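The values are calculated or read from the model by the stated rules, or taken from the named source; none is laboratory data. Worth saying up front: this structure is predicted, and the values here are computed from it rather than measured. Cβ placement follows ideal geometry from the backbone for every residue including glycine, while neighbour counts extend to all protein chains displayed.
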Amino acid sequence: MKKLFMTLATSLAIALTAGCGSSTDEAAEAPAATETPAAAPSSAPDFAAIHADDSGEKIPVTLENYEVAESDLAFYNITKLVGMNTLFHFPTGAFDLDNQTVVRMNRDTYYSGAIIDTTQGATVTIPETNGRYLSVMVVQNDHYIDQVFLEPGTHEITSETDFAMVAMRIRANQSDPEDDEAIAALRAGVKLEVGGSGSHVRPNYDMEQLVALRDELTVEGTKLGTLMGMQGAHGTIEPMMHLYGTAIGWGLLPDAQAQYLGSPKFANDGCYMASFASPPFNSPGFFSITIYDAEGWIYAENGILNEFNMNLNEDGSFDAYFGECGDVDNNLPTVDNWNYILRIYEPKLDELQEFRLPEMKKVS
């Protein structure tokens, strides 16, 4: 599959989860900088060239600049498409497996993102959503998130870095084409006003070093079994935990807005089953399970469980099956070294303290 990387998440990315665990073959795929951009029409700016500097010696990537380097890559994946201070709305409709912009994306929300110059002030206006989940986070150039907006109205954006990503998630039923109209209307109602006119430029990083460091941090961070404490505002996150979060999932929402519970990797050697308790969340939040390959890419159209396609037990719990399991509910396909993330948006943090991912049992 052709991946544009990486990056919300996020990011978007945006990913905006949406990040960054990866394998060494992402050195060419993840950083969009290594791909040859399509020729731009003569009347259009060559954003890919404007917002990247590939001249001179490659810049080493170390623990000291890793978070900024990953963020620069994420920012470039937006600026190369639309330039600065402009929202890019990721397409609605069928999920494009061959054009994922960030590892560990989700299919619960539709992403939009803009890279903005924050030096002269900026605002974002959120319309009424009629109860639908819509969040806007401000991801700074060092991957810290000091602001997340959920309420309708106009919000002032602040940032400790000159550039930031405004990353939006809107809850969607991606299996229902009729939902696209509602998404389009909400997107049209989001307004971004930016005072600055500076241009973010992705430096010429040593991608082999970046990917190697990303992989190392991902391996260590995933041993913790949770992403809690890996994202948030400046001064609130332990530095090593923030490094882990940057590697595992660039564009993660802070703990209060979302919880990401990640599994280890499993063999593709039969049928597995896990029994999940009902995840605790507040309205308009929700939860889902998304399955990934060893590098964190979505590999199957039907690789998600959420309220639109899963069957729950009477108490809200559910049994999920993974692999070749026959005629069962809530069955996700697997590949070598598959893994999953349980996402809980607007979590009840007090109740979540006792919540754990269930044991994975080999059925056959």
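What's the number of the condition ASP72 fails, among (1) part of a loop (DSSP other than H, G, I, E, B); (2) modelled with pLDDT of 50 or more?
(1)
For segment 315-327, indicate whether the set of residues that are modelled with pLDDT under 95 and not assigned by TED's automatic domain parsing to the domain that holds ILE170 is non-empty.
Looking for residues that are modelled with pLDDT under 95 and not assigned by TED's automatic domain parsing to the domain that holds ILE170, one finds at least one in segment 315-327, hence yes.
Please go through segment 349-364 and pick out each residue that is modelled with pLDDT of 95 or more and either surrounded by 12 or more Cβ atoms within 10 Å (Cβ to Cβ) or not in a strand (DSSP E or B) (or both).
Answer for segment 349-364, where residues must be modelled with pLDDT of 95 or more and either surrounded by 12 or more Cβ atoms within 10 Å (Cβ to Cβ) or not in a strand (DSSP E or B) (or both): PRO358, GLU359, MET360, LYS362, VAL363.
Checking the conditions here, which among ASN339, ASN331, ASN309, ASN313 is over 19 Å from GLY249 (Cβ atoms), among the polar types (S, T, N, Q) and buried (at least 17 other Cβ atoms within 10 Å of the Cβ)?
Within the list ASN339, ASN331, ASN309, ASN313, the selection yields ASN331.
Restricting to segment 130-159, what's the tally of residues that are outside any strand (DSSP E or B), touching a strand residue (DSSP E or B) at 6+ places or on another chain (Cβ under 8 Å) and not aliphatic (A, V, I, L, M)?
7
List the number of the failed condition for ASN309; all other conditions in (1) in a strand (DSSP E or B); (2) modelled with pLDDT under 95 hold.
(1)
Within segment 87-123, restricting attention to residues that are among the small types (Gly, Ala, Ser) and either on the phi < 0 side of the Ramachandran plot or surrounded by 24 or more Cβ atoms within 10 Å (Cβ to Cβ) (or both), which residue is modelled with the lowest pLDDT?
First, pick out the residues of segment 87-123 that are among the small types (Gly, Ala, Ser): 93-94, 112-114, 121-122.
Among the residues that remain, those that are also either on the phi < 0 side of the Ramachandran plot or surrounded by 24 or more Cβ atoms within 10 Å (Cβ to Cβ) (or both) are: 94, 112-114, 122.
Working: ALA94: 72, SER112: 95, GLY113: 96, ALA114: 98, ALA122: 99.
That would be ALA94.
Conditions tested, residue by residue: (1) farther than 29 Å from ILE304 by Cα; (2) under 15 Å from the mean Cα position of the chain (by Cα).
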position	(1), (2)
THR123	yes, no
ASN130	no, no
GLN140	yes, yes
VAL148	no, yes
SER175	no, no
LYS191	yes, no
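Limited to segment 221-255, what total is found for residues that are assigned to a loop (DSSP other than H, G, I, E, B) and within 16 Å of the chain's Cα centre (by Cα)?
13
Find the residue count for segment 170-216, including only residues that are assigned to a helix (DSSP H, G or I) and surrounded by 17 or more Cβ atoms within 10 Å (Cβ to Cβ). I'd like the intermediate steps shown before the answer.
Step one: list which residues in segment 170-216 are assigned to a helix (DSSP H, G or I), which gives 179-189, 207-216.
With surrounded by 17 or more Cβ atoms within 10 Å (Cβ to Cβ) added as a condition, the list becomes 179, 182-183, 186-187, 207, 209-211, 213-215.
Residues that pass the stated criteria total 12.
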